[in-house]
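Trainee: A single structure is presented below for examination.
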Amino acid sequence: MSADNNNPKNDSPLDLDRRKFLNTAAVAGVAGTLLTVGGLAGCKKEGTSTTGGVAASATAGSSHEVAPGELDSYYGFWSGGHMGDVRVLGLPSGREIHRIPVFNPDALVGWGITNESKAIMGTNSDGSLKYHVADTHHVHGSYKDGTYDGKYAWVNDKINCRIARMRLDVMDCDKITEIPNIQGFHGIFPDKRDPVDQAINYTTRVFCGSEFHAPLPNDGHDMDDLTKYRALFTCVDAETMDVRWQVLIDGNCDLVATSYDGKLAATNQYNTEGGVKYVDMMNAEKDACLFFNIARIEQAVKDGKFKTYGKSKVPVVDGTLESNKDPKTALVASVPVPKNPHGVNASPEGKYFICAGKLSPTGTIIDLSLVLKWFDGELKSIDEAIVAEVELGLGPLHTAFDGRGNAFTTLFLDSQVVKWNLENAIKFYKGDKNAKYVVDRIDVQYQPGHLNASMSETKDADGKWLAVGCKFSKDRFLPAGPLHPENEQLIDISGEKMVMVSEHPVRPEPHDFIIVKRDIIKPRQVYNLDEFPNAVKDPAECGVFRQGNKVTVKITSMAPAFYLSDFKVKVGDEVTIILTNLDKVEDLTHGFAIEKYNINFIVNPQETKSVTFKADKPGMYWCYCSHFCHALHLEMRSRMLVEA
Ligand code: CUK
Ligand code: CUA
Ligand code: CA
């Protein structure tokens, strides 16, 4: 199929060559392209954009500038990549307001140092942290009535297969769950409604895709027997954060998306081949997008039609193709899509899922009502659920929406974002060659991965801003050594044409993010004392309490003093310090740092935290406030006296 009338760039000989090159898809050649993309942008001609480039645009469109003293109109929740945190940005300014420590220790708040954070992060039997590294990719918020409700957000850790939940009222991580039986935990997406009880119109499950297949069970046997390598699709309970069930599938999972009626969750698959080397993962002409029938899966679990593997007690139902041939009983539908697809995204009007081609220059539109018809046995073939497959450009990865019928897809190899109209794409695919589905293209710098528009994957997609996470920044910032930052760019999408308005460097690498209207998020300014079972509510409760060689020290802070102003323990004691900040004033945070004892954490207004450590060095050690709080901040200290 040709989409030449939709491709304003096809006059560039370089692009034509590259397009042909990709279409012929010599296996090693495509891999070579992917491996050397860092170099591709460099040899791309400047000024090929049809949108007039970047410089002229700063004054066009709605203002992205937020003057001193003014507030942004959106929150951005950005995955923190290798840092294992989630960054909170104000948009459109792009200012970073906060970081929520999640999977990795954080020296400011004492995440990984306090007992409360260690209990969430997970420890070994000796109390040390179980993991020190993470790789976060995807952040998503909880839904109510098809839009964000501002209650929770979730983020994945690909390295150690953990999913974390953040409470958005205080912007803290409150639960982390490690998912059994899988490796390469990648895509996540909350559901938007219950598949059966439609009165439950909010998120109660989070779906998780495992990208890498691995021996099941992974017990050191049969590691060269690739038939034992399996991937699973996982459902986690949004409230308890327990793993509810898993589905054994053929091939792998990658990204995840969910339907607005709660009935379907989807994952794209690039390794239907089950290869362990990249060339093997590119053998098949088609891979797939899997659709999970949530109600049927949960009925199968209820009916006891599941297995368990290894030490895990999680029920695993059979979603393999062989066992799911009859649509009327199938748990899973497999929609064939062009080879090695990447993102899958649900459009805001609730009708379509878009699967981006990656190795194929195409976007595939799948109609959800037709997938449901397949499950009812009303389609001859699942292929009928595909209502369009159109050419977009080279290396399509992820798609966002403006709520006005347009989609925005990143083109990794072309270093562009393409804006395209879904209904016109469907018409074009059905044979109306006059249906011009490509609306606009814009160059981005360089090699974009994720993008997201304001409120994009909600029914309230408002089509104002589009953020693009570019994987290579090259020449965009002052050189700072061999490691380059990523480049986050902001595009005004309120008009017909996209307008680039700003960019900023970011530490590698966020991957994904969401942009939420500010009035949806209702953060509290102080904690509630009663939320902490160990709170020291009154200075009269302070003191040193000994049980054998276990010593509990209860302390309160109120600017500019700690009470107790000193406390005595003995060398060899196991000391637990419980500190409650009794200040009620907004923004009045204290720190508690103990010299030579490797301890620092903060307590926000009305918050309680504790640390436990061995008093292994005799002497006097200053415990000082490490967070500027008061004119007498430097004087705000206590003394730990460790008796020999
Ligand atoms: S993946 Cu990174 S650009 Cu982990 Cu969502 Cu596509
Ligand atoms: Cu309290 Cu500084
Ligand atoms: Ca493949």
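The values are calculated or read from the model by the stated rules, or taken from the named source; none is laboratory data. In this text, all values refer to a predicted model and were calculated from it rather than measured experimentally. All Cβ positions, glycine included, derive from the backbone under ideal geometry; neighbour counts span all protein chains shown. We work out accessible area using only protein heavy atoms, side chains counted, and drop any ligands, DNA or RNA first. Shrake-Rupley method; radii C 1.70, N 1.55, O 1.52, S 1.80 Å.
Trainee: Of the listed peptides 67-74, 407-414, 85-92, what is their order by residue-averaged count of other C-beta atoms within 10 Å, with the highest listed first?
Mentor: Averaged packing, sorted descending, gives the order 407-414, 85-92, 67-74.
Trainee: Still on this structure: With a/c under 1.5 counting as rounded, go ahead and sort the range 412-521 into rounded, prolate or oblate using the C-alpha gyration tensor (a ≥ b ≥ c being the square roots of the eigenvalues; past the cut-off, prolate if a/b is larger than b/c, else oblate).
Mentor: Taking the square roots of the gyration eigenvalues as a ≥ b ≥ c, the range 412-521 is oblate.
Trainee: I would also like to ask the following. Name the residue from Gly572, Ile188, Ala107 whose Cα lies farthest towards the positive end of the charge dipole of the chain, charges +1 on Cβ of Lys and Arg and -1 on Cβ of Asp and Glu.
Mentor: Towards the positive end, the residue furthest out is Gly572.
Trainee: What list of whole percents do you get for P(r) of the range 141-272, with Cα-Cα distances grouped in 10 Å bins up to the one holding the largest distance?
Mentor: 13, 42, 31, 11, 2
Trainee: How far, in nm, would the chain grow between Lys568 and Lys474 when pulled straight, counting 0.36 nm per residue and subtracting the alpha carbon separation?
Mentor: This chain segment gains 28.2 nm when fully extended.
Trainee: Cα centroids of the range 285-299 and the range 318-366: how far apart, whole angstrom?
Mentor: The range 285-299 and the range 318-366 have Cα centres spaced 8 Å from each other.
Trainee: Heads up, I need the accessible area for Phe401: 1.4 angstrom probe, whole protein in place, Å², nearest 10.
Mentor: 0
Trainee: Something else: Of all accessible surface on the chain at a 1.4 Å probe, what whole percent is carbon and sulfur?
Mentor: 54
Trainee: Between rounded, prolate and oblate, where does the range 274-351 land on the alpha carbon gyration tensor, with a ≥ b ≥ c its root eigenvalues, rounded for a/c under 1.5, else prolate if a/b exceeds b/c?
Mentor: The shape class here is oblate.
Trainee: Expressed as an acute angle from 0 to 90° and rounded to the nearest 10, what is the orientation of the C-alpha long axis of helix 13-24 relative to the principal long axis of the chain?
Mentor: So the inclination is approximately 90 degrees.
Trainee: Here is a further query. Let me understand the range 204-350 better: what is its radius of gyration from the alpha carbons, and its Dmax, in angstrom?
Mentor: Cα radius of gyration and Dmax of the range 204-350 are 15.0, 48 Å respectively.
Trainee: So, for the chain, what is the accessible surface per residue at a probe of 1.4 Å, expressed in square angstrom?
Mentor: I get 41 Å² per residue for this part.
Trainee: Could I have the simple spin-label model distance between Asn528 and Thr320, label points 7 Å from Cα toward Cβ, reported in nm to one decimal?
Mentor: 5.0
Trainee: Roughly how far apart, in whole Å, are the Cα centres of the range 265-284 and the range 140-158?
Mentor: First find each Cα centre; the distance between them is then 28 Å.
Trainee: Cross-link candidates for Lys144: which lysines have Cα within less than 23 Å, leaving aside residues fewer than 8 places away along the same chain?
Mentor: Within the straight-line cut-off, Lys144 pairs with Lys175, Lys192, Lys263, Lys351, Lys459, Lys464, Lys517, Lys522.
Trainee: Round to a whole angstrom and tell me the spacing of the C-alpha centers of the range 435-501 and the range 542-608.
Mentor: The range 435-501 and the range 542-608 have Cα centres spaced 46 Å from each other.
Trainee: Okay, next question. As an exercise, use a Förster radius of 25 Å and the Cβ-Cβ distance of Lys550 and Asn124 to find the FRET efficiency, rounded to the nearest 0.05.
Mentor: 0.80
Trainee: Also, quick follow-up: Mind ranking Phe306, Phe233 by accessible surface for me, highest first, 1.4 Å probe?
Mentor: Order by accessible area, largest first: Phe306, Phe233.
Trainee: Which distance in nm do the two modelled labels at Gln198 and Lys380 give, with both placed 7 Å along the Cα-to-Cβ direction?
Mentor: Label at Gln198, label at Lys380, 3.1 nm between them.
Trainee: With r as the distance between the Cβ atoms of Ser312 and Asp224 and R0 = 22 Å, compute the FRET efficiency 1/(1 + (r/R0)^6) and round to 0.05.
Mentor: That pair, Asp224 with Ser312, gives E of 0.40.
Trainee: With r defined as the distance between the Cβ atoms of Lys144 and Thr612 and R0 fixed at 51 Å, what FRET efficiency is calculated, to the nearest 0.05?
Mentor: Computed FRET efficiency for Lys144 and Thr612 comes out at 0.85.
Trainee: Taking 2.2 N^0.38 Å as the expected size of a compact globular protein, what ratio does the Cα radius of gyration of the range 351-420 give against it, to two decimals?
Mentor: Relative to the 2.2 N^0.38 Å estimate, the range 351-420 comes out at 1.20.
Trainee: A further question on this structure: Per residue, how big is the convex hull of the range 488-644 when only Cα atoms are used? Give it in Å³.
Mentor: 178
Trainee: Using θ = phi - 60° and the Karplus curve 6.51 cos²θ - 1.76 cosθ + 1.60, what whole-Hz ³J(HN,Hα) does each residue of the range 138-143 get, with Gly and Pro shown as x?
Mentor: 10, 10, 9, x, 6, 10
Trainee: If one puts a single equal scatterer on every Cα of the range 523-577 and applies the Debye formula without solvent, what log₁₀ I(q)/I(0) results at q = 0.27, 0.30 Å⁻¹?
Mentor: At q = 0.27, 0.30 Å⁻¹ the computed log10 ratios are -1.13, -1.22.
Trainee: For Asp280 and Lys584 in one chain, what is 0.36 nm times their gap in residues minus the Cα-Cα distance, to one decimal in nm?
Mentor: So the extension gain works out to 103.4 nm.
Trainee: Would you compute, from DSSP H runs of 4+ residues alone, the mean residue ellipticity of the chain at 222 nm, taking -39500 (n - 2.57) per run and dividing by the full residue count, rounded to the nearest 500?
Mentor: -2500 deg cm²/dmol
Trainee: Continuing with this model, one more query. In whole Å, largest first, what are the principal axis extents of the Cα atoms in the chain?
Mentor: Per principal axis, max minus min of the Cα coordinates gives 84, 62, 47 Å.
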